[in-house]
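Each reported figure results from applying straightforward, stated rules to the coordinates on display, with no laboratory input. From a predicted model like this one, the values you see are computed outputs, not experimental measurements. All Cβ positions, even for glycine, are placed from backbone atoms using ideal geometry, and neighbour counts span all protein chains on display.
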Amino acid sequence: MSKKSNDNSSQKTFTLTNNETGESCELPIVEGTYGPHCIDIRKLHAQTGYFTLDPSFTATGSCKSRLTYIDGEEGILMHRGYDIKELAVKSSYLEVCYLLINGELPTQAELDEFTYHITNHTMVHEQIKSIYQGFRRDAHPMAIMCGVVGAMSAFYHDSLDINDPEQRMISAHRLVAKIPTLAAMAMKYSKGQPFVYPRNDLSYAENFLHMCFSVPAEEYKLRPPVVRAMERILILHADHEQNASTSTVRIAGSSGANPFACIASGITSLWGPSHGGANQMVLEMLNEIGHKDNIPEFIKRAKDKEDPFRLMGFGHRVYKNYDPRAEIMRESCHEVLEELGIKDDPQLELAMELEKIALNDPYFKDRKLFPNVDFYSGIILKAMGFPTEMFTVLFAVSRTVGWISQWKEMMEEPSLRIGRPRQLYTGAPSRAYVPVKKRKVVKKSA
Ligand code: SDX
């Protein structure tokens with residue numbers, strides 16, 4: 001990656017010419033540290049009367065950000081300049097949280113203080129427990145998370161002033177600290193088991209596992225390979241540029257909504273099967289495929305435009321190379337299964353066979369559809385004992401720090417304005433109202 005000048009206000013401009021009228025306009029080119037240059041189109045409408053149109057933002061930057069950079073062609077992911085492969089092996093989740101929130105790796109003293117803050121915010125208000133009682137026991141835990149995280153704003157009035165940097169930081173600490181507690185409570189509630197309080201003598205990953213799996217009847221034994229895998233899964237899912245859920249959090253925050261409501265909006269977006277919901281769908285897909293002899297039929301279905309079936313865990317809007325997180329997840333998968341003594345896990349075997357066949361199939365190769373972060377995570381999470389409905393909740397636990405860091409970065413922008421995209425109107429032309437007696441049945445357009 002060639003490093004570019006940090007000077008965002010390069011004198012370079014991009015000339016747009018209207019071939020019909022010969023009119024043209026000059027638009028500034030802005031450069032980042034890495035990645036494609038951008039054409040700053042803020043003045044386009046004023047100069048030309050035109051909007052741009054990019055319905056799923058395939059080529060549109062919504063903001064400048066210093067948090068994360070992805071090089072889709074090279075399969076690179078970095079947080080604040082540090083490569084994910086180094087962070088996953090050498091760092092800890094709380095250290096990555098500090099890095100994303102504050103911009104630099106912490107000194108030992110800074111890490112100790114940050115850890116103290118997070119550890120001492122892990123409990124939730126006792127009243128929050130009664131919110132869970134309002135759900136059916138078979139409610140999807142993501143439905144519960146959408147509700148209880150949004151409800152947090154009803155409990156923490158002292159950190160809702162979004163214009164106060166101190167209150168923004170307290171909200172960030174509260175969300176990072178309490179999201180695992182709320183997630184574990186959702187899991188316990190769906191199992192009909194009692195909630196387990198957090199323990200301040202455990203690390204973040206240990207505490208989360210303890211709250212999820214401990215029962216009053218017996219001591220829960222933390223297994224180092226499972227703790228290590230949990231730590232790695234948390235690090236790998238922490239942030240990922242302006243993905244759908246992060247963009248949802250940003251646009252919610254641009255209206256001045258409180259941080260708890262914004263994170264709840266991120267959770268709702270993450271739940272979709274094309275996004276964070278994919279890890280649960282991967283396992284359901286592997287169950288549906290059942291045996292490697294059935295793989296060719298499912299590959300055929302994945303290619304059929306008439307068939308809504310997609311190969312879950314494959315493809316990515318940005319990565320047109322292997323998702324670096326999938327590589328690390330794949331390694332962890334083997335480690336965890338081996339260390340847990342789970343030999344020849346049929347789903348892992350099936351996943352490896354599916355990956356091999358898909359990666360040799362021209363359809364997937366031509367479209368650069370490689371396994372993404374969700375492809376292996378489901379297998380590890382299942383081996384660790386999590387029900388499939390909890391997989392996306394775990395993604396939300398990890399991604400909360402990314403969402404709140406992106407929200408905080410946006411709130412610190414001097415020129416924050418409400419996000420309000422425009423559109424290309426293709427509806428009916430202007431027409432007079434027709435009284436109901438005079439209306440005829442009209443064939444409904446789409
Ligand atoms: C995450 O954005 C992020 O950063 C997300 C994420 C994060 O950390 O926040 O990385 C997490 O969401 C990972 C993605 C998890 N989703 C899945 O695994 C679901 C399966 N994947 C697809 O739905 C799809 O690949 C997306 C949603 C991930 C990407 O969709 P795009 O960029 O809109 O790609 P596309 O649908 O335009 O696909 C391009 C072509 C199409 O074929 P053609 O029209 O060119 O013939 O590839 C095909 C698609 O039909 N295609 C697939 C496919 N994914 C794309 N065909 C079969 N199986 C698939 N999985």
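Below is a table of values for the structure above.
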quantity	calculated
Estimated vicinal HN-Hα couplings, Hz - the stretch 154-164 in sequence order (Karplus 6.51, -1.76, 1.60; Gly, Pro = x)	7, 10, 10, 4, 7, 9, 10, 7, 5, 8, 9
Potential extension, H334-T426 segment - 0.36 nm per residue separation minus Cα distance	27.9 nm
The chain: calculated mean residue ellipticity at 222 nm from DSSP helix runs of at least 4, using -39500 (n - 2.57)	-14500 deg cm²/dmol
Centroid-to-centroid separation of the stretch 306-340 and the stretch 171-224 [C-alpha atoms, Å]	27 Å
For the stretch 196-344, diffusion coefficient by Stokes-Einstein and Kirkwood Rh (Cα), 10 °C, 1.306 mPa s, µm²/s	86 µm²/s
Derived scalar couplings ³J(HN,Hα) [the stretch 296-304; Karplus, 6.51 cos²θ - 1.76 cosθ + 1.60; whole Hz; x for Gly, Pro]	x, 5, 6, 4, 4, 5, 5, 8, 7
Note, ³J(HN,Hα) from phi for the stretch 423-428, Karplus 6.51, -1.76, 1.60, rounded to Hz, x at Gly and Pro	7, 9, 7, 10, x, 5
Net charge contributed by nearby residues that have their C-beta within less than 13 Å of M410 (K/R +1, D/E -1)	+3
Residues with amide H under 5 Å from that of N372, placed H, sequence gap 5 or more	F314, G315
Loop-located trypsin sites (Lys or Arg not before Pro) in the stretch 329-436, at most 16 other Cβ atoms within 10 Å (DSSP)	K343, R367, K368, R417, R422, R431
Contour minus Cα-Cα distance for I357 and A109 (0.36 nm per residue)	84.3 nm
Space enclosed by the convex hull of the alpha-carbon atoms of the chain, per residue, Å³	214 Å³
Spin-label proximity, F51 to the stretch 413-443 - amide N less than 13 Å from point 7 Å beyond Cα toward beta carbon	420-427
Max mean-square fluctuation residue, GNM over the chain, Cα-Cα springs under 10 Å, options S130, S265, S65	S130
Net +/- balance of residues flanking I101 in space, Cβ distance below 13 Å, scoring K and R +1, D and E -1	-2
Among Y93, Y319, Y363: highest mean-square fluctuation, GNM of the chain, C-alpha pairs under 10 Å	Y363
Sum of side-chain charges, S190 neighbourhood, beta-carbon under 14 Å (Lys, Arg +1; Asp, Glu -1)	+2
Longest site-free stretch - the chain; sites: GluC sites (Glu not before Pro), DSSP loop, at most 14 other Cβ within 10 Å	307-411
Highest-MSF residue in the chain out of N18, N294, N360 [GNM, Cα springs under 10 Å]	N18
